[in-house]
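Here the structure is laid out as structure tokens; the discussion comes afterwards.
The values are calculated or read from the model by the stated rules, or taken from the named source; none is laboratory data. On a predicted model such as this, the values are computed, not experimentally measured, just so you know. Positions of Cβ are generated from backbone atoms using ideal geometry, with glycine treated the same way; all protein chains shown enter the neighbour counts. Surface accessibility is based on the protein's heavy atoms, side chains included, excluding ligands, DNA and RNA. Shrake-Rupley method; radii C 1.70, N 1.55, O 1.52, S 1.80 Å.
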Amino acid sequence: MLIYGYALSVMPPPALQVRQSSKGIEIRANQKNDWEIGFVMKKVVKFGGSSLASSEQFRKVGDIIHADEDRRYVVPSAPGKRFGGDVKVTDMLYDCYHQVQGGARYDKTLKNIQARYQEIIDGLELDLSLENEFQIIEKRFTEEAGEDYAASRGEYLNGIVMANYLGIPFVDAAEVICFDEEGSFDPIATDKKLGARLRDEERAVIPGFYGARPDGSIQTFSRGGSDITGSLVAKAVHADLYENWTDVSGFLMADPHVIKDPVPISTITYREMRELSYMGASVLHEDAVFPLRREGIPINVRNTNIPDDPGTMIVEGTCNKPKYTITGIGGKKGFVSVTIEKAMMNAEVGFGRRVLQVFEDAGLTFEHIPSGIDTFSVFVNQHEFEPKEQQIIAGLHRAVRPDLIELESDLALIAVVGRGMKRMRGTAGRIFSALAHSHVNVKMIDQGSSELNIIIGVEKRDFETAIKAIYRIFVDAQI
Ligand code: ASP
């Protein structure tokens with residue numbers, strides 16, 4: 001779709017010339033020779049591994065891209081699982097590299113990887129051979145090119161196949177996604193390089209998941225990191241929209257393992273999404289949000305297998321009123337509460353700081369810190385806490401001389417999230433009466449200062465019951 005906007009709705013000033021070409025609407029100033037594309041919408045589309053797992057999936061992706069000419073920049077993942085029990089190409093590459101490094105036989109694994117790409121190439125009837133690429137990869141594996149190099153080849157090769165299939169240029173992510181000498185991602189250098197490199201490419205394929213350090217060595221993001229590459233490309237080209245195509249139709253109001261057919265979320269803000277993602281609703285890599293948050297570029301999560309589903313729009317802000325008071329419910333199990341009791345604690349300056357210092361010294365982050373007059377609890381991840389338990393207890397005794405330290409394990413946290421809660425009275429009341437009616441004992445309550453969420457701590461065995469009760473009261477009862 002082209003946005004004619006200014007160009008056709010008012011007469012262009014005489015110094016500007018406007019023409020329509022195959023590239024879209026182009027403009028140029030009278031004195032200059034260069035025509036520049038103007039008033040054209042740009043969409044960046046990222047496809048996840050399951051969307052590109054086979055030639056059949058590739059065809060669906062091709063149809064999606066061709067259905068909208070604004071879909072200009074394509075970020076592919078590596079081929080993912082084709083069926084339950086299948087292995088992602090990224091995992092096969094890690095295995096293969098370790099086999100090479102460990103002196104084990106790796107030829108079978110490498111052949112299997114090659115076969116995955118060959119099926120796609122043959123199924124799409126492409127005139128393309130990756131033979132040479134595989135020779136380079138095998139050589140680099142034996143030269144100890146690194147685990148990140150190995151993993152990145154999944155996206156690299158899929159990028160080459162995709163560019164060939166679409167007939168558009170391939171831009172190697174190693175050229176444009178920058179990490180520093182220490183291996184930390186460099187957003188400023190990346191934005192500059194990506195922006196400059198793509199300025200003259202009307203369309204391009206940029207593989208996800210990896211970039212390079214200044215010495216050229218390959219470095220990947222954490223797993224699922226192609227989402228981040230998509231965001232970075234969207235930011236650099238000032239896209240109008242970043243479409244993230246996966247195998248679900250966006251975010252759901254609750255975990256489908258707990259609630260049968262939960263209602264899909266049509267619009268969610270970045271902040272709401274962050275709260276829900278943190279609480280386990282993982283559709284998008286968490287770090288994919290940060291590059292776009294301040295750019296006003298929305299993300300649309302879509303389903304490659306049901307392309308007509310509108311999916312979820314993730315936006316910075318919206319006056320779109322949610323249908324329900326809450327946007328979604330998230331939750332995670334596996335927390336411990338460490339409660340410190342001490343008479344007159346409230347009069348002791350620096351008490352909280354000294355408690356938290358003990359956790360900091362042990363390298364632990366905390367989730368919540370509900371406090372009373374003479375009690376102070378710290379909620380931490382059980383898995384991380386367990387090996388450091390005795391160190392923490394001893395540290396707390398030394399730091400604050402408590403009357404009592406109480407530990408409670410196997411807790412779960414549930415987040416009820418929604419921008420609509422701020423304006424509504426009685427939300428908390430409804431949540432807690434629903435929980436009481438379902439015989440769930442509430443261990444902890446924490447309303448975020450932004451009134452965007454209410455976090456509830458319950459025993460692990462009450463987790464599902466609690467989520468069902470909250471969902472019922474807000475969604476099934478339509479309030
Ligand atoms: N292929 C990588 C992974 O499996 C990155 C991605 O898919 O986003 O984690």
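Only one of the listed residues (Ser222, Ser249) is in contact with an Asp or Glu (Cβ under 6 Å, 6 or more places away or on another chain), in contact (Cβ under 8 Å) with a residue 40 or more places away in the chain and part of a loop (DSSP other than H, G, I, E, B). That residue is Ser249. Residues that are under 13 Å from Pro298 (Cβ atoms), crowded, with 24+ Cβ neighbours inside 10 Å and not polar (S, T, N, Q) within segment 231-242 comprise Ala234, Ala239, Tyr242, listed in sequence order. Please go through segment 135-176 and pick out each residue that is open to solvent by 20 Å² or more (accessible area, probe 1.4 Å), in a helix (DSSP H, G or I) and not hydrophobic (A, V, I, L, M, F, W, C). If the condition is that a residue be open to solvent by 20 Å² or more (accessible area, probe 1.4 Å), in a helix (DSSP H, G or I) and not hydrophobic (A, V, I, L, M, F, W, C), then Gln135, Glu138, Lys139, Arg140, Thr142, Glu147, Asp148, Tyr156, Asn164, Tyr165, Glu175 are the ones that fit.
If you go through segment 192-213 and keep only what is closer than 15 Å to Ile177 by Cβ, open to solvent by 50 Å² or more (accessible area, probe 1.4 Å) and either out of contact with any strand residue (DSSP E or B) (no Cβ under 8 Å at 6 or more places or on another chain) or among the β-branched types (Val, Ile, Thr) (or both), you end up with Lys192, Ala196, Arg197.
Quick check on segment 214-227: of everything there that is within 16 Å of the ligand (Cβ to nearest atom) and open to solvent by 20 Å² or more (accessible area, probe 1.4 Å), which residue is nearest to the chain's Cα centre (by Cα)? Selected residue: Gly224.
The residue that is nearest to Lys333 (Cα to Cα), counting only those in segment 396-420 that are outside any strand (DSSP E or B) and open to solvent by less than 10 Å² (accessible area, probe 1.4 Å), is Gly418. Can you tell me how many residues within segment 177-198 are under 30 Å from Ala115 (Cα atoms) and more than 20 Å from the chain's Cα centre (by Cα)? The number of residues fulfilling the criteria is 0.
Under 24 Å from Ser51 (Cβ atoms), more than 16 Å from the ligand (Cβ to nearest atom), surrounded by 12 or more Cβ atoms within 10 Å (Cβ to Cβ) and under 29 Å from the mean Cα position of the chain (by Cα): is that true of Gln118 in this structure? The answer is no for Gln118.
Can Val355 be described as open to solvent by less than 30 Å² (accessible area, probe 1.4 Å) and over 24 Å from Ile470 (Cα atoms)? So Val355 fits the description; yes. Quick one: in segment 80-93, of everything that is among the charged types (D, E, K, R) and near the ligand (Cβ under 9 Å from one of its atoms), which residue is most open to solvent (accessible area, probe 1.4 Å)? Of everything passing the filter in segment 80-93, Lys88 is most open to solvent (accessible area, probe 1.4 Å).
Pairing residues of segment 461-479 that are over 12 Å from Ala434 (Cα atoms) with residues that are open to solvent by 60 Å² or more (accessible area, probe 1.4 Å) and charged (D, E, K, R), at Cβ distances under 7 Å and at least 6 apart in sequence or on separate chains, gives Phe463/Lys333. Only residues that are within 25 Å of Glu69 (Cα to Cα) and part of a strand (DSSP E or B) were counted across segment 202-219, and they come to 2. Of all residues in segment 87-124, those being under 19 Å from Pro76 (Cα atoms) and not hydrophobic (A, V, I, L, M, F, W, C) number 11.
Need the failing condition index for Lys111 against (1) of a type outside the set (Ser, Thr, Tyr); (2) surrounded by 15 or more Cβ atoms within 10 Å (Cβ to Cβ); (3) part of a helix (DSSP H, G or I), just the number. Failing condition for Lys111: (2).
Do we have any residue at all in segment 193-209 that's within 13 Å of the ligand (Cβ to nearest atom), among the basic types (Lys, Arg) and closer than 28 Å to Asn303 by Cβ? There is no residue in segment 193-209 that is within 13 Å of the ligand (Cβ to nearest atom), among the basic types (Lys, Arg) and closer than 28 Å to Asn303 by Cβ.
With the condition kept exactly as written, say whether any residue in segment 231-245 is within 16 Å of the ligand (Cβ to nearest atom), in a loop (DSSP other than H, G, I, E, B) and under 16 Å from the mean Cα position of the chain (by Cα). The answer is no, given that none of the residues of segment 231-245 is within 16 Å of the ligand (Cβ to nearest atom), in a loop (DSSP other than H, G, I, E, B) and under 16 Å from the mean Cα position of the chain (by Cα). Taken residue by residue, segment 423-439 has no member that is part of a loop (DSSP other than H, G, I, E, B), closer than 23 Å to Tyr278 by Cβ, under 33 Å from the mean Cα position of the chain (by Cα) and free of Cβ contacts under 8 Å to residues at least 40 places away in the same chain. Once segment 52-79 is narrowed to residues that are within 16 Å of the ligand (Cβ to nearest atom) and surrounded by fewer than 24 Cβ atoms within 10 Å (Cβ to Cβ), the residue that is farthest from Ser249 (Cα to Cα) is Ser54. Of the listed requirements (1) open to solvent by 70 Å² or more (accessible area, probe 1.4 Å); (2) more than 22 Å from Glu147 (Cβ to Cβ), Leu128 misses just one: (1).
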